[in-house]
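Derivation of every value follows stated rules applied to the coordinates shown; laboratory data play no part. Keep in mind that this is a model prediction, so the values were computed, not measured. Please note: Cβ atoms are built from the backbone with ideal geometry, for glycine as well, and neighbour counts cover all protein chains shown.
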């Protein structure tokens, strides 16, 4: 077993790779892959606002479809791009040779998801006003909208008109107006354009009146595997911008053999700017803000309740008790599902196959691969996370615990093989 320990000390544990994958794709640590559900009846959510949960579930489903399409692009044999090597006799250069075309459907799905999220805000506001004031005439109804103002002066102008001509519940001094004001981009004094509502309005306005936002392949992270930093935060970061054919992504002296890890992704251009945030990050951030902050504040008039709306529930069928169906919905978002799928495919399953397959007494590599492939994404990630035991091995007890983890995985693989025989 000593060779096994040496191997993992050299290459890092699978868990290190899981952590780096999660931090790169999310900007945060790996979320729990276990599905969680709401355990209350969402008492703060009145019946006239139940439909917004379906709108949010629809948006989450669309984000999930974006993730699936991205995964399909990343899983193609050539990936998102190809490199070629060029040399001048002194320096070798890795140069972008080709880029995978982005499917037209991708920005359209992104636009649909963002329009659904904006609809969740508009529907919540309208439902609350109708509940308070009754049916609205067409002229008054046209004044009901969720503004996105970057300056207080612009918001005050919007507010004054609603106070004069809008429905009673949109009076300037009313609690609903206070909730709307608290959600405005100008509340972020230093950079109102970065406020989630400002970004949401920019994307949806651009998609409705011009074109869907533009997506492009990016390569923000390239690092040498023989010079790994202690944490993801210390990795050298490239600018978040589109890759171009002919671009040099790495250089090394002729004769050096350098193991590289590259983290390509797809970015989304914020309309009217040169900014290219990671597409899935942008969707995650805006969707989280709408579901966890904006909608609850519009409904309650105060801080968001601790029992949050679920990310999704089954909207493909009718429900006799919709409140119960919502309460039993999942908090695992489309973004989380995509991350788990990506982590399982790119790091968890390959890592399990490698470490179990090289263990003395293991079944053939083909059988180990069949075992890993039959696992769900959640199961694969959970089993790979057990390899945390390989971190910081300092004592004989640490070594025994790590070997126990491998032995346990080996037993599970062998049981699968025996059942298949």
By average C-beta atoms within 10 angstrom, highest first, the peptides 350-356, 242-248: 350-356, 242-248
Distance between modelled label sites at residue 420 and residue 320, nm, 7 Å Cα→Cβ extension: 4.4 nm
Sites residue 307 and residue 84, calculated FRET efficiency, Cβ-Cβ separation with R0 56 Å, nearest 0.05: 0.55
Sum of -39500 (n - 2.57) over DSSP H runs of 4+, divided by residues of the chain (222 nm, nearest 500): -15000 deg cm²/dmol
Protection proxy ranking of 194-201, 314-321 - average other beta-carbon atoms within 10 Å, highest first: 194-201, 314-321
Selected from 143, 125, 339 as most flexible by GNM, with the chain as the system and alpha-carbon contacts under 10 Å: 143
Linear extension gain, residue 98 paired with residue 379, 0.36 nm per residue minus alpha-carbon span: 97.6 nm
Mean Cα-pair separation over length for segment 40-330, i.e. relative contact order, pairs under 8 Å, 6 or more apart, %: 25 percent
Computed lengthening from residue 172 to residue 412, 0.36 nm per intervening residue step minus Cα-Cα distance: 79.9 nm
Simple label model, 7 Å out from Cα along Cβ direction - residue 366 to residue 274, nm: 5.5 nm
Pair residue 233, residue 300: separation of 7 Å Cα→Cβ label points (nm): 3.1 nm
Residues residue 194 and residue 156, FRET efficiency given R0 of 22 Å [Cβ-Cβ distance, rounded to 0.05]: 0.50
Highest to lowest packing among 399-410, 285-296, scored as the average C-beta count within 10 Å: 285-296, 399-410
Gaussian network model of the chain, springs between alpha carbon atoms under 10 Å - residue of 159, 142, 105 with greatest fluctuation: 142
